[in-house]
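Notes for the one structure printed next.
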Amino acid sequence: MLANHQNWHSLSDLKVRGPVVEYPEDLMIPVERAAFPAYCPYCGSGEPLYKHGCREQVVLDLPVRQKHVSLVILRKRYKCRNCGAIFWEELSNVDRKRRMTKRLVKQIQELIIADYSFVEIANFIGVHEKTVRNIYKDCFTEAGLGPVPRGGK
């Protein structure tokens, strides 16, 4: 399927770390960050960082071949030798408020603007309808418009 170490569809900071698991309606893709952090985000020290544990985190991504995509990210935790701070590696392509990629959030916003119903979008993407509503509310709040009621949807 996909070769190890290959970037996953233009997410340059992630590389595939194992075989893709394919189900009838889903794809599970094990990935990890392609590079180690170069410095501590707290003190800015460039000294080598200690590895301090890891965990898997599931993040939704854009559908592929009409299948829902879940990225199983192996997130690593580090400890700074200089200041002692412990932190998780930063994932620049993952939305901070949701367990989904920024490009998936953007696609949901575009589908909302295209006037698809919240239920239609939720079914297409593979999320709960409330998640689509929350993205809708955030989109207008960030634009300074405040939540705008959407009639009949």
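The values are calculated or read from the model by the stated rules, or taken from the named source; none is laboratory data. Small disclaimer: the values here were computed from a predicted structure and weren't measured. Here the Cβ positions follow ideal geometry from the backbone for every residue, glycine too, while neighbour counts run over all protein chains shown. When the accessible area is computed, the model is the full protein with side chains, heavy atoms only, and any ligands, DNA or RNA have been set aside. Shrake-Rupley method; radii C 1.70, N 1.55, O 1.52, S 1.80 Å.
Residues that are surrounded by fewer than 14 Cβ atoms within 10 Å (Cβ to Cβ) and in contact with an Asp or Glu (Cβ under 8 Å, 6 or more places away or on another chain) within the range 91-130 comprise 92, 97, 119, listed in sequence order. Of the residues making up the range 37-59, those that are farther than 17 Å from residue 72 by Cβ and of a type in the set (D, E, K, R) number 2. Suppose the filter is without any contact (Cβ under 8 Å) to a residue 12 or more places away in the chain, open to solvent by less than 30 Å² (accessible area, probe 1.4 Å) and farther than 25 Å from residue 12 by Cα; does residue 85 pass it? Spelling it out, it is not the case that residue 85 is without any contact (Cβ under 8 Å) to a residue 12 or more places away in the chain, open to solvent by less than 30 Å² (accessible area, probe 1.4 Å) and farther than 25 Å from residue 12 by Cα. Scanning the range 39-52 for residues that are surrounded by 12 or more Cβ atoms within 10 Å (Cβ to Cβ), under 23 Å from the mean Cα position of the chain (by Cα) and under 30 Å from residue 28 (Cβ atoms) gives 41, 52. Residues of the range 24-62 that are of a type in the set (A, V, I, L, M) and in a loop (DSSP other than H, G, I, E, B): 34, 35, 38, 49.
Under 6 Å between Cβ atoms, at least 6 apart or on separate chains: pull out the pairs that start in the range 44-62 with a residue that is free of Cβ contacts under 8 Å to residues at least 12 places away in the same chain and end on any residue that is open to solvent by 40 Å² or more (accessible area, probe 1.4 Å) and not aliphatic (A, V, I, L, M). Partner pairs satisfying both residue conditions: 46/39. Checked against (1) open to solvent by less than 20 Å² (accessible area, probe 1.4 Å); (2) over 27 Å from residue 19 (Cβ atoms), residue 71 meets all criteria but (2).
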